[in-house]
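Input: a single structure, listed below in structure tokens.
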Amino acid sequence: MREHYIQCDDVTLYAREDGVLDDSAPTIVFANSLGTDMSLWDDLLPLLPEGLRIVRMDKRGHGKSSCPDAPYAMGALVKDAEAVCDHLNVRDAMFVGLSIGGMIAQGLAVKRLDIIRTLVLSNTAAKIGIQKLWDERINAVRTKGLEAIADGVMERWFAKEFANSPAVKKWRDLLCATPVEGYTGCCAAISGTDFYTPTSGLRLPTMGIVGSEDGSTPPDLVRETVELIPGSTFHIIRKTGHLPNVEKPQEYADLLNQFIKDTGHI
């Protein structure tokens, strides 16, 4: 394991490398969702093939990265990911983006095809929600804190069985520990993003993943985005919500491992 603190304009970004610590090794980059940090992928990593360099980062306002004042622009989040990848000499990587991480993945793929060779769009879309919805959420969090919305978020993140189990506490606590500026800043970035046109111009191997019970990015929304890219594949993981890699890490890993094999990534 190797840790990095990388400066990009007004933000210090925390990134971590696991697996093979050699920038010539085949690389997978993971970008996580709103209200989580890179620990989102912890249970998945041991299920991936040996021989990979695994790069994770905390986006601005989350985890160990610094938290500038909100609002944020999606362009800034894409630039942050670009800065991390350039600092670590990431080239020809598989980029796995979940939720807002999938929006960052789309933006980075359009900008830097030298960084991204294959793309996994998980529980994400070219456009998520409408401005009114995001404005209401930002206002609720600013006036009442993340605790006020936490139960509703858990219902969208997880299928009922998981949401009603003790395992949900870890994720609820992680959400509530997110700085308000970081959370609302990223909400603003999502609100202002519509990638339908740029994403439809992408031509690279792409796999879409969604949970059947996803209350944030329902299966039809994810499918619509993934199908913008010719030749893409799409998979639904049953009885999971917005974070299927948490609820069913082995099933999620099986999809990634098959995609790694099919695209000759390792």
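Full extension of the chain between ASP194 and THR12 yields a length gain of 62.9 nm, computed as 0.36 nm times the residue separation minus the alpha carbon distance. If R0 is taken as 30 Å, the Cβ-Cβ distance between LYS160 and GLN131 corresponds to a FRET efficiency of 0.50. Between LEU204 and LEU47, the simple spin-label model (points 7 angstrom out along Cα→Cβ) gives 2.4 nm.
Keeping all protein chains in place, calculate the accessible area per residue for segment 124-266 (probe 1.4 angstrom), answer in Å². With all protein chains present, segment 124-266 gives 47 Å² per residue. Solvent-accessible area per residue in segment 33-118 equals 30 Å², computed with a 1.4 angstrom probe and all protein chains kept.
Calculated from DSSP H runs of 4 or more alone, at -39500 (n - 2.57) each and per residue, what is the 222 nm mean residue ellipticity of the chain, nearest 500?
On the way: 11 runs with 108 residues, N = 266.
After summing the helix terms and dividing by residue count, I get -12000 deg cm²/dmol.
Within the accessible area of the chain, the carbon and sulfur atoms contribute 51%, probe 1.4 Å, all protein chains present. Rounded to the nearest whole Hz, the Karplus-based 3J(HN,Hα) values (6.51 cos²θ - 1.76 cosθ + 1.60, θ = phi - 60°) of segment 23-30 follow the sequence 6, 8, 6, x, 10, 10, 10, 10, with x at glycine and proline. Note that segment 64-78 has calculated 3J(HN,Hα) couplings of 8, 7, 6, 10, x, 5, 6, x, 10, 9, 4, x, 5, 5, 5 Hz, one per residue in order, obtained from phi through the Karplus relation 6.51 cos²θ - 1.76 cosθ + 1.60 (θ = phi - 60°); glycine and proline are x. How far apart, in nm, are the 7 Å Cα→Cβ label points at GLU3 and LEU113? With each label placed 7 Å out from Cα toward Cβ, I get 3.8 nm. For segment 83-100, putting each phi into the Karplus relation 6.51 cos²θ - 1.76 cosθ + 1.60 with θ = phi - 60° gives couplings of 5, 4, 5, 5, 4, 9, 6, 7, 9, 6, 8, 8, 10, 10, x, 10, 6, 4 Hz, in residue order, rounded to whole numbers and with x for Gly and Pro. The slack in the chain from ASN139 to ASP86, taken as 0.36 nm per residue of separation less the alpha-carbon distance, amounts to 15.5 nm.
Here the simple spin-label model places points 7 Å from the Cα toward Cβ, and for ASP23 and CYS176 these points are separated by 4.2 nm.
For segment 197-224, the residues whose amide N sits under 18 Å from a probe point set 7 Å from the Cα of ARG238 along the beta carbon direction are 209-214, 219-220. Roughly how far apart, in whole Å, are the Cα centres of segment 216-238 and segment 15-34? First find each Cα centre; the distance between them is then 24 Å.
The values are calculated or read from the model by the stated rules, or taken from the named source; none is laboratory data. All values reported here derive from a predicted model rather than from experimental measurement. Cβ: placed from backbone, ideal geometry, glycine included. Neighbour counts: every protein chain shown. Each accessible area value is taken on the protein alone, full model and side chains, heavy atoms only, with ligands, DNA and RNA left out. Shrake-Rupley method; radii C 1.70, N 1.55, O 1.52, S 1.80 Å.
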